[in-house]
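Taking it in order: structure first as structure tokens, then the write-up.
Bear in mind these aren't lab numbers, they're just calculated from the coordinates by the rules spelled out. Predicted model only: the values in this text are computed from it and were never measured. Cβ atoms come from the backbone with ideal geometry, glycine included; neighbour counts cover every protein chain shown.
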Amino acid sequence: MKTAMDCVKLARDPKRPHLKDFISIMCSDFVELHGDRLVNDDRGLIGGFATIDGVKVLVLGHNKGSTIEENMTANFGMANPDGYRKAMRLAKLAEKFHVPVVTFVDTPGAYPGREAEERGQAEAIAKSLEFFSRLKTPVVVVVTGEGGSGGALAIAVGDRVLMMENAVYSVISPEGCAGILWRDGAKAPEAAEALKITAPDLKRLGVIDVVVKEPAGGAQKNHKVAAANVKKAVLAALKELKDVPADELIEARYAKFRAMGNFFNC
């Protein structure tokens, strides 16, 4: 039986499909847009307009990279404040042109470096949460690997939240949780179980809406099948949302996230 820590290991597998893999397989075109117009062009979070089966969308996502060089340039998918501000800038364009937004979440968390903090990391994440909660266009979120803390949630406020079968989504890593609670990183597997970070657990708790099936052994075994499954789920979600008035979208999105953490049958 697969444990929560097994899912953590699969979610972190470097051979797992990353953002650019999903874009190349799912999209017939992709035009990347650069920069936050304030500081620079963060490579840890990228975005641009694309077409999925004839449907125009704005794609935003954490970019871990597939090589050591890309990993280093992108901080292993840990975005700086510039990345979140770029995401908001591009999402505003999508709203202007009535284009839905599809976000791909795969990050250990926001970049914790000194420069990121000096440039307002916490403020950028908080602003992003507020911004996406009020965005007047459909937002579909896909957690594809690691969904780590505020760095993930900053682009994960959406009308439909999809999660791949072996992805994980949590307020803190199992190692971090074990270090805080027991001062023992070896208890990470125990922490992973307690955190309820797997797709089935989060579906049961109402944090996500859909669990996307992966190929046997994990998405790293067959990128094309994994991406095809994600594509099908994304298109289904977009179809559900396309005719919903913007005011109703925002109201339902707000209610959806406000309801998380409210339990009456414990």
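Of note:
- Listed residues 201, 106, 53, most fluctuating in the chain (Gaussian network, C-alpha, under 10 Å): 53
- Rounded if a/c under 1.5, otherwise prolate or oblate - region 187-262, Cα gyration tensor axes: oblate
- Radius 11 Å from Cβ of residue 211, net charge of other residues (Lys, Arg +1; Asp, Glu -1): -1
- Cα gyration tensor category, rounded, prolate or oblate, for region 1-121 with a/c compared to 1.5: oblate
- Exceeding the 20 Å Cα-Cα cut-off - candidates 56/239; 92/224; 20/127; 20/242; 96/242: 92/224; 20/127; 20/242
- Between the C-alpha center of region 1-30 and that of region 221-254 there is a gap of 18 Å.
- Trypsin sites (Lys or Arg not before Pro) within region 226-255, DSSP loop, no more than 14 other Cβ atoms inside 10 Å: 242
- Reachable aspartates and glutamates, given that their alpha-carbon falls under 15 Å from the alpha-carbon of residue 2 and they are not under 8 places away in the same chain: 165, 190, 193, 201, 214
- For region 132-190, applying the loop criterion from DSSP together with a ceiling of 16 other beta carbons within 10 Å to the chymotrypsin sites (Phe, Trp or Tyr not before Pro) yields 182.
- For region 107-253: rounded, prolate or oblate by the Cα gyration tensor [a/c cutoff 1.5]: oblate
- Alpha-carbon Debye profile of the chain, log10 I(q)/I(0) at 0.10, 0.14, 0.17 Å⁻¹: -0.46, -0.94, -1.44
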